[in-house]
């Protein structure tokens, strides 16, 4: 009901709005011996108005004027300035058009043109049309000029125009901030013209810290996101996921398709090894930090800027050490009419890539071969695999090789192999009632839905009433999990209201309100679904029912699970004011209060099923016999206050200055409470007062605060030489009182050589050329909790051995954590050099940046302390980390009459090195000076061993390097096993001392850092049709997984998958087989302790490293916008329908794992040591259809 109330309120509010633009504003200016044109430019600076000049006004605008204007209306000023001239004006909204008066004094050329016009009057025609933007909004005051003449007009309040032109005339349509259009009118008299925003215009303003700047004057490393292409009409509910590939240097890594999971977002890679090596950027929404972008509505976003160097980010202080993402929501602005917008989208998702199983006989043969080699029994939960094989083969033949769906299982007879009159069924029971399950179940089809639905709806209202403007929206998103049984569901509601009002000509105040509510429901399963679903073969679910009851599998666990519900409610309330105190002097202040409430409730109840884990199928068993209820609540409250002033002025019209001073304060409090009670009385009513068992409770409370004083100076000389200097004096409660405050400076400079007078001859080809550089330093406060405090930790009861007098264990604590008294801030220093190049009137643009970020005084363990002390070594400022990288963006767009074509591409790369770390041992699995972050050490795979590599007694022949030292347990290297290269030539395969200085035959085989992240976009628009294609990829990335999906039987003789059927056997000793001779249980640590998990044939090595390089069609959108005359007939300003698809195909996929190339995780609660990498929610392909309507 709350959301319906909001919608009703919006409608009532909008009906009362007046479609006017305030004409009551007054303007002041001193005009001393300036031309009319210069006077109008000065008026632009002192007001919200924009001036346009018709082509035939140039001579008249050169007239000099002198005037002292004080609080005059614009009409009064124009009447005075244009008196006794041949010029007139028209005001439409905030645009003022200066044109010649009809019948004015003609020049000789104009008189000649007039005579010529009379002579050809019979060849002229009248054209008409409508000019709108891409959203269907009428553009008021657009210029329509007949090319080659001074004949022209402007559009009216409805965007309409009428003009008499020659029969073969070409017209040019222009408006500030939009790309010009040139249209041939021959053979046509009616035109519907859509102007495209000129996102590459050098006059475009870019949102930066505490302000905006012209794109042409930027000297820092700032990238902007094309919101219309990235967020609008796209099936995304999480903004951060939509930003993947949008700008270079911004890494958005999604490791799974888990419902509601947030990706990892970084800017220019890793920045610190502190805080678990987390380098999260600061996310600022409407000037205030926000941690969770999924709480926002993607359709409410107006602009996104990414600040990447210290010169751009230092103004935000310690929280911005690793970059800033600035998001501005749609604001309340002066408009001419009330507009109501509806965006609706329905979508369906299907997994991109899923593992699967070969047929059951193939699986059994592999298990038998592995068990036979290891000497283990061919048995799995009471099923003897060699006895089971012929039953599986007959079942396959009877079903023509097809797998079975979820259904009632048919019991068979053990004599079915020899007696055709006996039913084979799906399973048979032995004398003890233990089942042998040989049916082949279609696990993928049973457990996964082919297509899961989602939908989103957004309604917004924007208008102006008197001096008050408003923007309001409500949004709804629904998404679901992919599982067939008890799929998760997520509903998100959002509401936003932005209101501004001009209290005085010099004072504007406003308020913002944001509301978001996310409701999640899913199964509170007693085990991890994906881990167990993929653990054994397709025969061992089994995935059917017997006598209507499920077996002990994930179907039973999900169908009978209690509810897991959580709710995340977010409210943000803010107010702001902007005062113009004098010419060029403004004061801004804002205050924002956030409340985020999270609640969780999970009912964990027993499961009843047939015991297929070796149990007798006689009585239905109960598993996970306990029951309990968990409830948790978290509350985060915070406030932010900003106040800053800008003073902008010019000297001699050449030296332009902008000074900014400000202060900022933020504070937050976190509360958490969690309770549990066992033994629920009624599983359908999980409540604490309906449980009888023990109760447990825990909680947490902490608070934080930051404050800072900041300033910025911008200077430019004639728009050619550019300089910016920033400074911030920052304080944080995360540091000791003696070192809580620090000053962080930065500076950047630019040289627009293209604006020099000597560059004019090159302007036709090189429209813009700017060199820029920056350097700055920022402190990092995200170093972990309580790093500067000596804290005590309570020992668990199992680690406590002292008894009190009554015989109970005493409460015991560890020794206080050692803290160095000399700890300081981590300091991040960034150097950036860049180039901006625009060609062919800025149709083709290049941006290049090279950067180096150095993190100094990084927290690192100090010298090892004697064990007798009983405490770990304290952390000291002893580490240094360096990241170097580069970024390149190329953008092109061109209009061929009514066809607009565009293309852009970006690519970036970086590497991170540890340049200083106190670790003399330099063990490969530790940090040390000179280590490249993310390096994976392992062996280089040469080939498989053959019989020719061994003597008759099994020893290695001369010249064959021994791998004896790598053997464990019953595993012995022999023919068909993996042979590693003897890199150091000593005849023994080993890891040396496992150090950087002595690593034997080990080498760096890969790196986990995503290298060469790139994307490119292609699109076109023509007569209402539009198409946009976005491709995104990673050029180089590797990961060692020890996964059973990648290498067979890593945990044990559990299963093989469809991608693992090519392996070496004595009967088929294929040297080109995908896998060596099978052996079960390879996921443990081998004999070289510094390597990652994996042993036997699967030590970390080059052959089975997962290559995560890929290129995919990330999005394809095709739309059609109805002509405005048709839309108006159905009472709409604009109507667009579209198709949009995500992850439609992989053009490059080098992974040898049967999962999506972006998947790099395991299910929460599962252990990687059990070879579970990749067993998690899959990534999805999405197809969607939507509409965008403006009323």
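A few comments on the model shown:
- Exposure proxy order (Cβ contacts within 10 Å, fewest to most) of 583, 504, 258, 1162: 504, 583, 258, 1162
- For 51, 1185, 1025, order by how many other beta-carbon atoms lie within 10 Å, fewest first: 1025, 1185, 51
- Where labels lie 7 Å past Cα in the beta-carbon direction, separation of residue 444 and residue 567 in nm: 4.0 nm
- The chain: angle of helix 385-398 to the longest principal axis, Cα-based, in degrees nearest 10: 60 degrees
- Degrees, to the nearest 10: 360-374 long Cα axis against longest axis of the chain: 60 degrees
- For peptides 814-820, 771-777, 802-808, sequence by mean Cβ density within 10 Å, most packed first: 771-777, 814-820, 802-808
- Remark: spin-label model distance residue 1144-residue 1167 equals 4.5 nm, labels positioned 7 Å along the Cα→Cβ axis.
- Applying 0.36 nm per residue to the separation of residue 955 and residue 376 and subtracting their alpha-carbon distance, the gain on full extension is 206.0 nm.
- Value of Rg/Rh across region 310-454 [Cα atoms, Kirkwood radius]: 1.38
- From helices alone, the chain scores -2500 deg cm²/dmol at 222 nm; the rule is -39500 (n - 2.57) for each run of n ≥ 4 DSSP H residues, then divide by the residue total.
- Rounded FRET efficiency, nearest 0.05, which uses the C-beta distance separating residue 721 from residue 839 and R0 of 25 Å: 0.65
- Modelled this way, with points 7 Å down the Cα-to-C-beta line, the labels at residue 1058 and residue 659 are 7.1 nm from one another.
- Our summary gives region 360-447 a relative contact order of 29 percent, counting only alpha carbon pairs under 8 angstrom and 6 or more residues apart.
- Residue 170-residue 647 FRET efficiency (beta carbon distance; Förster radius 41 Å; 0.05 resolution): 0.30
- A convex hull fitted around the alpha carbon atoms of region 1065-1137 yields 251 Å³ per residue.
- Rounded FRET efficiency, nearest 0.05, which uses the C-beta distance separating residue 1185 from residue 897 and R0 of 30 Å: 0.50
- Per-peptide packing, taken as the mean over residues of other Cβ atoms within 10 Å, places 1090-1102, 912-924, 646-658, 390-402 in the sequence 1090-1102, 912-924, 390-402, 646-658 from highest down.
- Rel. contact order, % - alpha carbon contacts under 8 angstrom, at least six apart, region 287-380: 20 percent
- Debye log10 I(q)/I(0) at q = 0.17, 0.30 Å⁻¹ for region 1144-1191, Cα point scatterers: -0.65, -1.17
- Multiplying the residue separation of residue 414 and residue 1137 by 0.36 nm and removing their Cα-Cα distance gives an extension gain of 254.2 nm.
- Crossing angle, helix 36-45 versus the chain [Cα axis fit, 0-90 degrees, rounded to tens]: 40 degrees
- Ranked 176, 140, criterion: other C-beta atoms within 10 Å, fewest first: 176, 140
- Segment residue 703..residue 386, full-extension length gain: 107.8 nm, with 0.36 nm per residue of separation and the alpha-carbon distance subtracted.
- Here region 166-183 is scanned for amide nitrogen atoms under 17 Å from the site 7 Å beyond the Cα of residue 124 along Cα-to-Cβ, giving 166-172.
- Peptides ranked, highest mean first, by Cβ atoms within 10 Å: ranges 450-459, 538-547, 285-294: 538-547, 285-294, 450-459
- Hypothetical label at residue 90: residues of region 145-174 whose amide nitrogen lies under 14 Å (7 Å Cα-Cβ projection): 145-146, 151-164, 174
- Entry for Rg and Dmax of the Cα atoms in Å (calculated from the structure that is shown) out of [x] 61.2, 189; [y] 35.3, 120; [z] 31.5, 100: [y]
- Rel. contact order, % - alpha carbon contacts under 8 angstrom, at least six apart, the chain: 10 percent
Bear in mind these aren't lab numbers, they're just calculated from the coordinates by the rules spelled out. These numbers come from a predicted model, not from an experiment. With ideal geometry, Cβ positions are generated from the backbone for all residues, glycine too; neighbour counts draw on all protein chains shown.
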